[in-house]
Structure formats: structure tokens, C-alpha cells
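Quick note: the coordinates plus some simple rules give every number you see, no bench work behind them. The shown structure was predicted, so the numbers you read here are calculated from the model rather than taken from an experiment. Virtual Cβ from ideal backbone geometry, glycine too; neighbours counted across all protein chains shown.
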Amino acid sequence: MWNMVLGGVVLPAAVTALILLPMVCAPRMAAARAVAPLALGAGFAAGFFGCLRKWAAIPPVEHWQWMVWLALLAALAGVVMALPRVPSVVRWMVGIGAAGVFGWLIVPGFADLADVRGRWRITAGVLVLVVGLLLKWSAERAGPRGLTLVQLLGAFGLAGFLVAANTARFGQLAGVYAACLGVFLLAALWRPGLRVLGPAGPVAATISLSLALSAMFYDTSGVPQVAYVLAGAAPALAGIGGFLGAIRIKGWRGALVHAVLVLAPIGVAVALALRAESSTPASDYESYY
Amino acid sequence: MMKRSTTGVWMVLACGVLAPAALAADAYKVDGGHSNVIFRIKHLNAAWFYGRFNEISGTFLVDDADASKNVIDIEVKAESVDAKMDKLNEHLKSADFFSVREFPTISFKSTAISKGEEGKIKATGNLTLHGVTKEIGVELEPTGPVSDPRGGQRAGFEAIFTIKRSDYGMNFMPEQLGDEVRLIVSIEGKRGA
């Protein structure tokens, strides 16, 4: 138990905090914003290692383990996109390129996916791009503390959904993601004006969708695909935070409305997972763990 | 009924991928219904838990005369894992354990077979589990051959050996489940008809 907490919570939080420190200590330095995506990507990678107690090879034996490399790639893309004086066209090219790689690598080569692989690659690439953009857009308009808190709640919700869908490993990794976001929330509380999560938007979108889509492709429980997409793309509703900010519903009131709206699709996803579970014949055993 | 070989029956399990010539007339086809692959693992460090796989296939060959033909090749469908509880079965099939969508089969293919002591057979081969292939050595206790009352001939063997699941990348829940897994493999096959 303690090993799990150490590897899945303490280690990723410590790595995230260490890398995020320059941004928190020098909030007015534009270049310091670039450490935010690196902090989230490296924190998640550290937690991935802490949970699995091994690193993922290239290519990994288990296809889903691409997610750690995708998180690091998104972190690098995020750094380029967050650096000052980078031309807009370069930012777009990097963002679209990273989304394309995500779409290409997140879909496994299972034989039964042959007919739909291309479609899923495009869908996944578009999803990660849209969710990342909405997070960025929202971060520029919504209150940073509220937005970070909402994303943290979303990560906890994603973890709960993944456990309900019989993929505890992915649920555990969603816990790692939540641990990293917890550090972002502390940073946002410490520096109230600092838009800490915005530059890390592409990484947050990548991690959230990596977990949900991988769990969907590996599903053996009969949970509907729509549930996985809803849970993975829920951070897209960060855009609502941006909208609330734009119409001047800010602060904790805005965060509350935002939280309800982000958690609603995850709630639907959990309900669908539980319904799929209830269709499994009842066991005489209270719990198999 | 045929007399049981006392010097150790040279048995070969060869699945359909083997060249037909190698299987020839001596080939035994695994009878999945009468074959068993059972695993044992420590649960919560409290007790041994047993599960099994229900779909086993392959072919084997008994050949005392020509040892060069001897090969062992077994295939088990990972999706057929059966641990008595439906919810547990689903969890075992998931990416947390056997990841059956990515790794649908578990196989053993022999690379060398030799006579062991007391009529047993020593087999070395590649065990592929969860996408990882590792060479292991197992000792087989041959049974049969006997004449099948319905025609043809039947023979089998049993092998009991232990692997570490972490060697095959299956390291989820290390504190709740033991690392060592004992496998009890009992195969029955039929040749002729």
C-alpha cells in the first residue's frame, strides 16, 4: 500500500513540484511558463515508473504504454508552444504534429480494429487537439484556481470511472495524473494570479485521453465506447470555464458551475460502466479482491 | 490396450503451425476437453488461489524411434481464463493481467527434448505469455499410450512447474498477489481414429 502511495502519489507530486518551482518563484518571467507542461509530463512519467516499477520500451511490449512517451512528447510540444517569441505558425504546426502522433500511436494494432483503425486515429488526433485548445482558451479567461481545481476533480472522476470499468491499472495512472494536478492547484493557490495550468493544457489533454482511449481499446467488460470518450474528453468542458470567465462569472461561484459541468459527462460515463457491470451475472462472492 | 512405455514415452505436442510432414501419422491431437491448464497463486498472502484455462489446443507426437521428430507445442486461449467469478474473469482478461485483446494466446514451443530419470521427459522450450517469450525447462510425466475404445490411440503427460509472473511483465497488484505462479499442465491427446 505504502509503495503504491510512494510511487503513484509522492514521486509524481515531488517531480512536478520540483520542475514547477521556477514558474512559481518567477511568475513574471514569460519563459518560466514553459516549465508547466514539462512539470506535468515529467511528473506523470515519474508516477508511471513508480506504479509499474519499470520503464516502457520503444516500442513498448504492451501498446498502451505508449501513453508515457506521448505525455513526454506533449510536454516538449507544450514547452515550444509556451515559449515567448515563438511564431504562431510554429506553435500551430507543433500542436497539430503532436496531435497527429498521438492519434497514430494511441490506437493499438489489434486485428479486430483493422476496419476502424484509421477512423479512430483521426478521431483521437482531433479530440486531443480540441481538448488541448479548449483548456488553453479557458486558462486565458477563467480563474486559474477554479480551473485547476475543476481539472483535478475531473482527474479523480476519470480514475473512479476507469476502476468501475475494470481497468484498475489505468485508474491508478489517473491517480498519478491527479497527484500532479494537485501540485498545480497548490501552485495556483500560492500564486493566485498565476495562470499555471494553461501552458500545460496539451499535456493534460494527452494524459486524460490516453488513459480513457487505452482503456476503451483494451476493454473486456462491455462498457460502451461513448463512456470512455466522455470521460477522456471531459476536460474539454474547461471551455465552459472560459465562457463563464468571459461573461464574468469568476471565482468560486464560476468554479462550482464549471465543476458540475465537467463532472457531468464523467458521471454519465460512470453510470454506463456500472450498468455494464450490473449486466454481468451476480457472483456469490461479496468481493473478489 | 497397449503396453505403457517404461523407458519414457517421447511425446510431442505440435500445434497446427508445424509442418504436416513432421506430424505425420504419429501425431497426437490435443483433446481440449480432457486436458487441463491450472494455475495457482498466493492471494493476499493468506491462501492459494486456483484458476484454469478452458481452451487448450495443439498436437503431440510419440516417437521412441526417431527423437529428432520430438517437439512440444501447446496453445492456450488467454480469453478462456476461468477463476470461478465472472467479475474476476473480466478483470483477469483486462490490461491489468492477461490483456487478452493484445495477447490472445499463451504458448509453449519446445526447442529440445531429452529422456529424464524414472521414465520422465525433460523438455526445454519457449513459453510465450503476455507478449514475452522466455526459455524454460519442464519435466513431463508421460501417461499412456492406450488404445481408445472408440478407435485410435490416446496418450498424455503432466507437467508441474513454477514461473514468476513479473518475468512476463505481469506485475499488477504485487502486494495482493504472489509473484510465483505454479502451473499444472495435464494434456491428453488422440491419434488415428
**Study point:** Scattering profile of the stretch B:11-191 at q = 0.08, 0.10, 0.13 Å⁻¹ [log10 I(q)/I(0), Debye over alpha-carbon scatterers]
**Key:** -0.26, -0.40, -0.66
Study note, to complete from the structure: Note on the stretch A:29-171: contact order normalised by length, alpha-carbon pairs under 8 Å, 6 or more apart, percent, works out to 18
Revision key, fill the gap. With Cα coordinates, the longest principal axis of chain A makes an angle with the long axis of helix A:251-278, in degrees rounded to 10, of 10
**Study point:** Per-residue HN-Hα couplings for the stretch A:81-87 [Karplus 6.51, -1.76, 1.60; θ = phi - 60°; Hz; x = Gly/Pro]
**Key:** 5, 8, 5, x, 6, 7, x
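List the relative contact order of the stretch B:11-191 as a percent without decimals, with contacts defined as Cα pairs under 8 Å and 6+ residues apart. Write down the numbers at each step before the final one.
Details: 443 pairs, mean separation 44.3, N = 181.
Averaging sequence separation for qualifying contacts and normalising by length gives 24 percent for the stretch B:11-191.
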Practice item. Go through A:126-136, B:162-172 and give me the packing order, highest mean Cβ count within 10 Å leading. Key: A:126-136, B:162-172
Review point. Under 5 Å between amide H atoms, partner at least 5 residues away or on a different chain: which partners does residue B:73 have, H built in plane at 1.01 Å?
Key: B:13, B:14, B:15, B:59, B:110
**Study point:** Hz values of 3J(HN,Hα) by residue in the stretch A:169-180 - Karplus curve (6.51, -1.76, 1.60), Gly and Pro given as x
**Key:** 4, 5, x, 4, 6, 5, x, 4, 4, 5, 4, 5
Check your understanding: Relative contact order of chain A: what whole-number percent is it, with Cα pairs under 8 angstrom and at least 6 residues apart?
Key -> 22
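Equivalent-ellipsoid semi-axes (√(5λ), Cα gyration tensor) for the stretch A:7-277, whole Å, largest first? Please report the intermediate quantities before stating the final value.
Values: eigenvalues 144, 85, 64 Å².
Rounded to whole Å, the semi-axes are 27, 21, 18.
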Practice item. Find the eigenvalues of the gyration tensor of the Cα atoms of the stretch A:1-111, then list the square roots of 5 times those eigenvalues as equivalent ellipsoid semi-axes, largest first, in whole angstrom. Key: 26, 23, 7
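Checking the table A:54/B:115; B:87/B:120; B:42/B:77; B:122/B:190; B:93/B:120 against a 32 Å threshold on Cα-Cα, which pairs fail? Don't skip to the end; give the middle numbers.
Working: A:54/B:115 39 Å; B:87/B:120 39 Å; B:42/B:77 23 Å; B:122/B:190 22 Å; B:93/B:120 34 Å.
Those over the limit are A:54/B:115; B:87/B:120; B:93/B:120.
What is the sum of charges around residue B:130, taking Lys and Arg as +1, Asp and Glu as -1, for the other residues whose C-beta is under 15 Å from the C-beta of residue B:130? Please list the in-between numbers first.
Working: positive: A:54, A:169, B:77, B:93, B:101, B:134, B:164, B:165; negative: A:62, B:75, B:79, B:96, B:102, B:167, B:179.
Result for the neighbourhood of residue B:130: +1.
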**Study point:** Helix A:117-139 axis, angle to chain A major axis (alpha carbon atoms, nearest 10°)
**Key:** 40
Check your understanding: Cα atoms only, the protein assembly as shown: Rg and Dmax in Å?
Key -> 27.0, 91
Point to revise | Ratio Rg/Rh [Cα only; Rh per Kirkwood] for the stretch A:143-230 | key: 1.03
Practice item. Amide H neighbours of residue B:81 under 5 Å, at least 5 residues apart or on other chains, H built in the peptide plane: list them. Key: B:54
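Per DSSP H run of at least 4 residues, take -39500 (n - 2.57); add these up for the protein assembly as shown, divide by its residues and hand me the 222 nm value, nearest 500 deg cm²/dmol. Mind showing how you got there, number by number?
Numbers: 14 runs with 215 residues, N = 482.
It lands at -14500 deg cm²/dmol.
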